Amino acid sequence: MTTMTRQTQQESTATESLTGTLKDSQDNQDSQGSQGSQGSQGSQGAVQPAISVRNLWKVFGPNAENVPGTPELAALSPRELMDQESCVAAVRDLSFDVAPGEVFVIMGLSGSGKSTLVRCLTRLIEPTNGEIFLQGEDVLAANEKALRDLRRRKISMVFQHFGLLPHRQVIDNVAYGLEIRGDSKAERTRRAREVIDLVGLSGNEHSYPDQLSGGMQQRVGLARALAGKPEVLLFDEPFSALDPLIRLDMQNEIIRLHKELGKTMVFITHDLSEALKLGDRILIMRDGEMVQIGTGPELIGAPADNYVRDFVKEIPFSGVLTLRWIMRPAKPGEVLDGPELGPDVVVHEAVRLVLESDHSVKIVENGVLLGVVGNHEILRVVAG
Ligand SMILES: Nc1ncnc2c1ncn2[C@@H]1O[C@H](COP(=O)(O)OP(=O)(O)OP(=O)(O)O)[C@@H](O)[C@H]1O
Ligand SMILES: [Mg+2]
């Protein structure tokens, strides 16, 4: 591939991520724009979710729009849908909320629909059916201007392959989105320097991407995403091209930035330990469908099926599972004078206390005895 072609391609990727394919959006809006007009925030309780997804479908193929509304088609297996209709349902009737400030992880095997789902959130891929609300705002009803605004100011995306412009220095890569949305040169230079500093790249402002390591390039990608002060950050396997040590470094960076900035994040990964480290909750997908949604301990403590069990089996459970998931009811007449622990203490941290205690440890929350954990419960987890 020539430098010129690569340059043009990368530029269009970056532009697409920032501005979206507006023509597609407009075309689709005519047929879909009114679907979500009732709103869904009324049923959400006191805190409005950062993102609400309701019955979302994305079907690729001829007459894709017929699939969600036709029960016989919607019920077809992926294989049948392909054989009979030449369609792929990359996202199948998904509904979930992401809370403000939450780190929400999406996992699933290759082809399970993760990237399609995340791209639907800003209509980089136009959903076939369903509703999406961003802070209560109906994304599918957004007109071209509102959609542009959403992509430039509210949601940013960080990609696996960085999507940097090779002929631009770091500072101009970081400022790219601000330039597109029309910020003054002085303002975008000031802001770019600020976020370059935030991601630990001060001193590299005038380097070109190919002069930086993979980890540093992804920091530039991160700085670019943060530059426009978005409320939501979307990450599509941002660290999978990095070697393991740099990857750990970047995970810690995300945790630090999340603590500092408190942004809502949606994070796709293949790596369960990454998901457990970063995520408040994890959504597990298979063939476009939701298999399970929950915290790490919930997935490990009560996997919905063998698919989830397969995902979690590589993880040393004692480092993730909490006492809530292994406690048992106290037996009649059992001596309850052992020490107390909370239900959210991780097994690993409780091993010593439980094994050294003469009687079972009491699991107590708000003064209420929920259950007990003894040597047997602990050893079952530790011994795998
Ligand atoms: N433009 C498209 N046209 C037709 N089918 C598509 C298109 N984009 C994605 N698909 C199909 O949709 C399904 C989901 O793809 P998607 O890229 O969302 O998966 P993924 O979970 O992100 O996979 P990976 O982990 O490999 O990135 C796959 O079967 C894929 O082949
Ligand atoms: Mg993907």
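Just so you know, the Cα atoms of the range 37-137 work out to an Rg and Dmax of 14.4, 46 Å. Measuring nothing but how far apart in sequence close Cα pairs (under 8 Å, 6+ apart) lie, relative to its length, the chain scores a relative contact order of 17 percent. For residue 129, the residues whose modelled amide H falls within less than 5 Å of its own, excluding neighbours fewer than 5 places apart on the same chain, are 57.
About its Cα centre, what dipole magnitude does the chain give when the only charges are +1 on Lys and Arg Cβ and -1 on Asp and Glu Cβ, stated in debye to the nearest 20? Don't skip to the end; give the middle numbers.
Working: 40 positive and 52 negative charges, 178 e Å.
It works out to roughly 860 debye.
When +1 charges are put on Lys and Arg Cβ atoms and -1 charges on Asp and Glu Cβ atoms, the dipole computed for the range 174-325 relative to its Cα centre reaches about 480 debye. Karplus-derived 3J(HN,Hα) values for the range 216-225, using 6.51 cos²θ - 1.76 cosθ + 1.60 with θ = phi - 60°, are 5, 4, 6, 5, 5, x, 5, 4, 4, 5 Hz; glycine and proline are entered as x. Evaluated over the chain, the count of Lys pairs having alpha-carbon atoms less than 22 Å apart is 21 (only pairs 8 or more residues apart or interchain). The 3J(HN,Hα) values that the Karplus relation (6.51, -1.76, 1.60; θ = phi - 60°) gives for the range 310-317 are, in residue order, 4, 5, 8, 5, 6, 8, x, 4 Hz. Gly and Pro appear as x.
Kindly express, to the nearest 10 degrees and within the range 0 to 90, the angle between helix 347-356's C-alpha long axis and the longest C-alpha principal axis of the chain. Its long axis makes an angle of about 10 degrees.
Computed about its Cα centre, the charge dipole of the range 103-210 is approximately 100 debye, with only Lys, Arg, Asp and Glu carrying charge at their Cβ. The stretch between residue 353 and residue 368, if pulled fully straight at 0.36 nm per residue, gains 3.4 nm over its current Cα-Cα span.
To check you understand DSSP bridge types, tell me what percent of the beta bridges within the chain (both residues inside) are antiparallel, rounded to 5. Approximately 55 percent, going by the DSSP bridge assignments.
Using only the Cα atoms of the chain, each taken as one equal point scatterer with no solvent, compute I(q) by the Debye sum, divide by I(0), and report log10 of the ratio at q = 0.08, 0.11, 0.14, 0.15 Å⁻¹. Calculated log10 I(q)/I(0) at the listed q: -0.50, -0.87, -1.22, -1.32.
Summary of packing: across the peptides 219-232, 274-287, 190-203, the per-residue average of other C-beta atoms within 10 Å ranks them, highest first, as 219-232, 274-287, 190-203. Converting phi to 3J(HN,Hα) with the Karplus coefficients 6.51, -1.76 and 1.60 and the offset θ = phi - 60°, the range 149-160 yields 4, 4, 6, 8, 10, 10, 10, 10, 10, 10, 9, 4 Hz in sequence order, with x at every glycine or proline.
Every number in this text was worked out from the coordinates using simple rules, so none of it is lab data. Only a predicted model underlies this, so the values are computations on that prediction, with no experimental measurement involved. Cβ sites come from the backbone with ideal geometry, for glycine too, and all protein chains shown count toward neighbours.
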